[in-house]
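What follows is a single structure, written as structure tokens, with notes after it.
Here, each number is a calculation from the coordinates, and none is a lab measurement. Keep in mind the model is a prediction, meaning the values are calculated, not measured. Here Cβ is always computed from backbone atoms with ideal geometry, including for glycine, and neighbour counts include all displayed protein chains.
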Amino acid sequence: MKQVEPCALCQELTDIEKETPSYMREHFIDGAGQLCEHCYEDIAQNKEWHNLL
């Protein structure tokens, strides 16, 4: 069974394998970590908060 990353905000499991380098990940934010698509979209819509990361 592959190990996948949980979302750093909601803890929902993502489709991103733990071994995937950060530069190849979708919905990854430096300083915050791996996010699920839903949390990433919420943050992207609130750019002021996103810029604090």
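Rule-of-thumb check for the chain: C-alpha Rg over 2.2 N^0.38 Å? Write down the numbers at each step before the final one.
Working: Rg = 11.0 Å, N = 53, 2.2 N^0.38 = 9.9 Å.
Ratio of Rg to 2.2 N^0.38 Å for the chain: 1.11.
What is the set of long-range amide H partners of residue 16 at a cut-off below 5 Å, with H atoms built 1.01 Å from backbone N?
5
How would 10, 39 line up from fewest to most surrounding beta-carbon atoms within 10 angstrom?
Numbers: 10 11, 39 20.
Neighbour counts put them in this order, fewest first: 10, 39.
Among the GluC sites (Glu not before Pro) in the stretch 1-44, which ones are in a DSSP loop with at most 16 other Cβ atoms within 10 Å of the Cβ? Mind listing them?
Of the GluC sites (Glu not before Pro), the ones in loops of the stretch 1-44 whose Cβ has at most 16 other Cβ atoms within 10 Å are 12, 19, 26.
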